[in-house]
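The values are calculated or read from the model by the stated rules, or taken from the named source; none is laboratory data. Values in this document were obtained by computation on a predicted structure and should not be read as measured data. Cβ placement follows ideal geometry from the backbone for every residue including glycine, while neighbour counts extend to all protein chains displayed. What goes into the accessible areas is simple: the full protein's heavy atoms, side chains included, and nothing from ligands, DNA or RNA. Shrake-Rupley method; radii C 1.70, N 1.55, O 1.52, S 1.80 Å.
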Amino acid sequence: MSAVRIARLSDEPLDLDAHLRAVEDDASGAVTTFVGRVRNTDPDADDAVVALEYSSHPDAPGALHRIAEEAAAGTDAIVAVSHRVGRLEVGEAAVIIAVASGHRAEAFEVCRTVIETIKTDLPVWKRQVEADGTTAWKGLGG
């Protein structure tokens, strides 16, 4: 069975429990999660952030699968990862990652590698929307 159980982009709200179920494995003694949420502040914003609007390149789903696969390579880790697209309000989950493995150090390492690589390599862009209507495009990645 593949180490990657979920790797998808979705315009629907993300479900942490679905990611946890996807990595369920009796040989795994550790499960780590990461939930990246839309926050109401940004160091570059002059006003409160009210939403993020994510858009993606058509190759993004394949890139996300590759990111998860490469992060888990050479380990016993199982990965489930999703990234939202579309408009997200403050508090909504933009990214969910669940990683199961035999030991905690490996689970944490794979989870961290997935999110850090998403930030640099996933062709997803976000437009930040502030309370006063100001918008700003943010760079490549989450």
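The table below gives the values:
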| item | result |
| --- | --- |
| Flag if ALA77 is open to solvent by less than 40 Å² (accessible area, probe 1.4 Å) and touching a residue at least 60 places away in the same chain (Cβ under 8 Å) | yes |
| Residue count for the range 97-110, restricted to those that are within 14 Å of the chain's Cα centre (by Cα) and surrounded by fewer than 24 Cβ atoms within 10 Å (Cβ to Cβ) | 0 |
| Residue among GLU106, GLU69, GLU89 that is of a type outside the set (A, V, I, L, M) and over 17 Å from ALA3 (Cβ atoms) | GLU89 |
| Residue in the range 113-128 that is surrounded by 18 or more Cβ atoms within 10 Å (Cβ to Cβ), without any contact (Cβ under 8 Å) to a residue 60 or more places away in the chain and among the hydroxyl-bearing types (Ser, Thr, Tyr) present | yes |
| Output for the range 26-60, where each listed residue is modelled with pLDDT under 95 and of a type in the set (A, V, I, L, M, F, W, C) | ALA45 |
| Single condition ARG84 does not satisfy, out of (1) open to solvent by less than 50 Å² (accessible area, probe 1.4 Å); (2) more than 23 Å from ARG21 (Cβ to Cβ) | (2) |
| Qualifying residue in the range 40-53 (condition: surrounded by 22 or more Cβ atoms within 10 Å (Cβ to Cβ), within 17 Å of ILE115 (Cβ to Cβ) and in contact with a Phe, Trp or Tyr (Cβ under 8 Å, 6 or more places away or on another chain)) | no |
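Residues checked against (1) open to solvent by 80 Å² or more (accessible area, probe 1.4 Å); (2) within 15 Å of the chain's Cα centre (by Cα); (3) of a type outside the set (Ser, Thr, Tyr):
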| position | (1), (2), (3) |
| --- | --- |
| ALA30 | no, no, yes |
| VAL35 | no, yes, yes |
| SER55 | no, yes, no |
| PRO58 | yes, no, yes |
